[in-house]
Every structure is written in C-alpha cells, then in structure tokens.
1. Give me the dipole magnitude in Debye, nearest 20, for the chain about the Cα centre, with unit charges on the beta carbon: positive for Lys and Arg, negative for Asp and Glu.
2. Under a plain spin-label model, where a point goes 7 Å from the Cα along Cα-to-Cβ, how far apart in nm are Ala36 and Asp21?
3. Step through the residues of the range 79-87 one at a time and calculate ³J(HN,Hα) from phi using the Karplus curve (6.51 cos²θ - 1.76 cosθ + 1.60, θ = phi - 60°), rounding each to whole Hz and writing x for Gly and Pro.
4. Whole number please: convex hull volume per residue of the Cα set in the range 29-133, in Å³?
5. Computed from the coordinates I sent, Cα Rg over 2.2 N^0.38 Å equals one of (1) 1.14; (2) 1.93; (3) 1.09. Tell me the label.
6. Using the Kirkwood radius over C-alpha pairs as Rh, can you work out the diffusion coefficient of the range 1-43 via Stokes-Einstein at 4 °C, viscosity 1.567 mPa s, in µm² per second?
7. Within 10 Å of each residue's Cβ, count the other Cβ atoms and sort Ile119, Ile144 from fewest upward.
8. With θ set to phi - 60° and the Karplus curve 6.51 cos²θ - 1.76 cosθ + 1.60, what are the ³J(HN,Hα) couplings of the range 35-45 in order, to the nearest whole Hz, using x for Gly and Pro?
Amino acid sequence: MQRTRAAILDAAARALGRRTDAGMAEIAEEAGVGRATLYRHFPTRESLLRGVAQAGITELVEAFDAAHLDELPADRAIGRIIAVFLREGAKYAAVIRQADEYCDPADMERTVGPVREVIDRGVRDQVLRDDLRADAVFAMFSAIVERALWLTIDDTMTPEEAAETAVTIFLNGARRPDQP
C-alpha cells in the first residue's frame, strides 16, 4: 500500500513537472496503476497535489539533515543548500510555486528554517552583510535559488552550472571580480 502511494506521488511529480495541467488519468498511467487505485489513495487532484508537496518537503528536510549544514562554514553551507534544492527541488517544481497553498506552515518552516539559520549564522560570523534586513536577504536568496532551479528544469544550465552561478551571485554579487 505504501509502495503504491509512493509510486503514485513519484509519477505525479514527474508528470506535473512535464506539464502542470497533467490529468489524473495521465498520472495513473505514469504510475502504472488504474484510475480507481489512484482515486483510492488521492480522491481529488488537490489531495494529490498536497501529497506531492508533502513528499517534496520530506525529501528536502531529509536532505538538509544529511547535509550537516551546522558543521560547515556559512558560505559552504549556502552552497550545499543550493545544491540540495537543485537536486531535490527539480522533481517537485510543479508544486514549489504553490507550496503555501498545499503545505502546512509548520512543514514549510521545516524547509526554510535551516536556510534562515545558515543566513543568520553567516551574518553573525561576518560572512554575510549585517546592514541589510534579514527577511530581504532571505527573500533574495530564495529568488536566486528558484531561478536557478528553473534554469536547470528548462535545460538552460546544468545543475552544477546553476548552483555555481547562484552561489556566486548570492555571495559575491554580479559585479566582475576585477572591479572594485
């Protein structure tokens, strides 16, 4: 039963990643289950989207835990956060923009909490600027990471290129290194 549910969520993430308006029949086919089985697990499209979002949050939280962010200097932890988002987030791109709609706020905090902690630590350790509002820095970081994610999904950049660019832009800005 759990394997079927996991297969449906995985198939839904893939199908929705290709086409955000993918139908329940298409998702059932992708999962290799009948529509009746899909509807037993997820009676509505909304319940399926909530399930996909929850699976994405769970994977991100597990990946952050495995990354040992608290053991790294802030700048390296930021690089690792970006790598995790690009690796795990691509699968769940279809629901990322609607996460507030499909996720419990406490679950959302489980994914953004570690990011905020690293940014706060970066400010305390004087790796990041302390003259900017923390909420604005977090919002800009999130925007850079999201854009890097879409560049990888669109095959404009490899995940490695997008991660390197996002880290560089966030930590050093877009100014040429030889400019003051």
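Read-outs throughout are calculated quantities, based only on the coordinates presented, and are distinct from any laboratory measurement. Bear in mind that the values here come from a model prediction, so they are computed numbers and not experimental data. Note: ideal-geometry Cβ built from the backbone for every residue, glycine included; neighbour counts use all protein chains shown.
1. Dipole of the chain, to the nearest 20 debye: 420 debye.
2. Output for this residue pair reads 3.0 nm.
3. Those phi angles translate into x, 5, 4, 4, 4, 4, 4, 5, 6 Hz.
4. 112
5. Only one listed value fits the structure, namely (1).
6. The calculation lands on 131 µm²/s.
7. Final ranking by Cβ density, sparse to dense: Ile144, Ile119.
8. So the J values, rounded to whole Hz, are 4, 4, 5, 4, 5, 5, 7, 9, x, 9, 4.
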